[in-house]
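First comes the structure, then the notes that go with it.
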Amino acid sequence: MTTTSSAPVALITGSSRGIGKVLAVKLAKRGINVVVNYKANADLAEETLREVRAAGADGFTVQANIEEPDDIDAMFDQVRSTYGRLDIFVANAAASAFKPILQLKLHHLDRNWAMNVRSFVLGAQRAAELMDSAGGRIVVLTSYGSLRAFPTYASLGAAKAAAEMYVKYMAAEFGPRNITVNAVNGGLIDTDSLDFFYNRVPGMAPMSSVIEKIPLGRPGTAEDMASAVDFLLGPSAGYITGQTLTVDGGLTVVAPPFWSDTTGDLHDAVFGVAGAGDGDAAS
């Protein structure tokens with residue numbers, strides 16, 4: 001049964017926890033109804049929905065394994081039957097096997113593509129169909145593995161790069177519908193996924209060895225990522241499309257030799273000696 005609410009409607013995949021949950025509450029505070037997608041944990045999804053309602057908006061939860069096209073269709077059919085339209089689609093859910101390329105099996109490759117690329121394309125197709133003449137916003141979350149190669153991340157990094165290229169093509173093709181399409185590329189973001197990658201992948205380098213290389217000196221937060229997505233979904237970003245916004249504390253702008261590996265006066269010039277830089281740079 002279609003509701004008569006005039007409030008905008010957003011669908012966020014994987015929004016029972018982490019970045020998706022933080023974003024859901026942010027949107028609710030702006031009066032946007034949120035469809036909370038989850039794969040398995042209904043209790044967490046209901047908690048997100050309670051927070052959405054406490055923030056002043058409405059919504060519902062929908063179970064869907066986005067690796068399955070039939071589940072994706074059923075999810076969007078429920079949005080259509082409930083609200084009759086969609087204004088925002090955020091492809092947030094992601095998963096992959098973290099293995100060297102020589103250890104990737106066929107099922108790893110197939111599931112990775114289905115989860116991280118195919119689901120985004122199919123979801124964007126259905127979302128665009130539900131967006132009315134006023135247009136809408138589509139955002140996909142990616143990661144810095146699309147820009148840099150690092151251990152065990154080839155499968156997911158390549159998929160995120162593919163998603164970012166789809167963003168460009170979608171922006172060109174959906175633009176006449178007044179639909180913007182963008183990506184938010186995260187660096188080291190302090191979520192369950194980061195904990196899994198650094199603490200449960202056998203042989204992985206310690207997280208501290210990477211954090212010390214980040215110019216801002218800390219991992220990002222779910223709030224950092226959700227705020228960037230919220231910006232692209234908001235009124236100030238209406239003329240931005242086909243872009244990837246990188247949220248990584250500067251990680252992808254630095255390269256060896258890293259400042260954290262310098263010593264002596266050179267190290268002190270950047271890391272905290274009072275008055276450093278006051279002298280003649282040529283001396």
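Counting just the residues of region 246-266 that are assigned to a helix (DSSP H, G or I) and open to solvent by 50 Å² or more (accessible area, probe 1.4 Å), which one comes out nearest to Thr142 (Cα to Cα)?
At the first step, the residues of region 246-266 found to be assigned to a helix (DSSP H, G or I) are 251-253, 259-261, 264-266.
Still in the running and open to solvent by 50 Å² or more (accessible area, probe 1.4 Å): 253, 259, 261, 265-266.
Details: Val253: 17, Trp259: 27, Asp261: 29, Asp265: 38, Leu266: 35 Å.
Here the residue is Val253.
Of the candidates Phe98, Phe89, the single residue that is aromatic (Phe, Trp, Tyr) and more than 18 Å from Leu156 (Cα to Cα) is Phe89. I'd like the residue in region 4-36 that is among the hydroxyl-bearing types (Ser, Thr, Tyr) and in contact with a helix residue (DSSP H, G or I) (Cβ under 6 Å, 6 or more places away or on another chain) and, out of all such residues, is surrounded by the fewest Cβ atoms within 10 Å (Cβ to Cβ). Per the stated criteria, the residue is Ser16.
Take the residues of region 108-125 that are over 19 Å from the mean Cα position of the chain (by Cα) and in contact (Cβ under 8 Å) with a residue 24 or more places away in the chain: which is least open to solvent (accessible area, probe 1.4 Å)? Step through it out loud before you land on a result.
Initial filter on region 108-125 (over 19 Å from the mean Cα position of the chain (by Cα)): 108-110.
Checking the rest, the ones that are also in contact (Cβ under 8 Å) with a residue 24 or more places away in the chain come to 108-109.
Values: His108: 35, Leu109: 84 Å².
The extreme case among them is His108.
Taken over region 4-27, the criterion of being over 18 Å from Arg85 (Cβ atoms) and not polar (S, T, N, Q) is satisfied by Gly14, Arg17, Gly18, Ile19, Gly20, Lys21, Val22, Leu23, Ala24, Val25, Lys26.
Scanning region 211-237 for residues that are in contact (Cβ under 8 Å) with a residue 24 or more places away in the chain and under 13 Å from Val139 (Cα atoms) gives Met225, Ala226, Ser227, Ala228, Val229, Asp230, Leu232, Leu233, Gly234, Ala237. Looking across region 23-64, the residues that are over 12 Å from Ala7 (Cα atoms) and in contact with an Asp or Glu (Cβ under 7 Å, 6 or more places away or on another chain) come down to Leu23, Val25, Lys26, Thr61, Ala64. Within region 96-107, residues that are in a helix (DSSP H, G or I) sit with their Cβ atoms under 7 Å from residues that are open to solvent by less than 100 Å² (accessible area, probe 1.4 Å), at 6+ positions apart or across chains, in these pairs: Ile101/Ala154. Does Phe98 qualify as being among the aromatic types (Phe, Trp, Tyr) and modelled with pLDDT under 95? In short, yes. Yes or no: region 37-51 includes at least one residue that is open to solvent by 30 Å² or more (accessible area, probe 1.4 Å) and closer than 21 Å to Gly234 by Cβ. Among the residues of region 37-51, at least one is open to solvent by 30 Å² or more (accessible area, probe 1.4 Å) and closer than 21 Å to Gly234 by Cβ, which makes the answer yes. Residues of region 30-64 that are in contact with a Leu (Cβ under 8 Å, 6 or more places away or on another chain) and among the polar types (S, T, N, Q): Asn37, Thr61. Does region 141-157 contain any residue that is farther than 25 Å from Ser16 by Cα and of a type in the set (Lys, Arg)? There is at least one residue in region 141-157 that is farther than 25 Å from Ser16 by Cα and of a type in the set (Lys, Arg).
The values are calculated or read from the model by the stated rules, or taken from the named source; none is laboratory data. All of these numbers come straight from a predicted model, not from anything done at the bench. Because the Cβ atoms are built from the backbone with ideal geometry, glycine has one as well, and the counts that use them run over all protein chains shown. Accessible surface areas use protein heavy atoms only, side chains included; no ligands, DNA or RNA. Shrake-Rupley method; radii C 1.70, N 1.55, O 1.52, S 1.80 Å.
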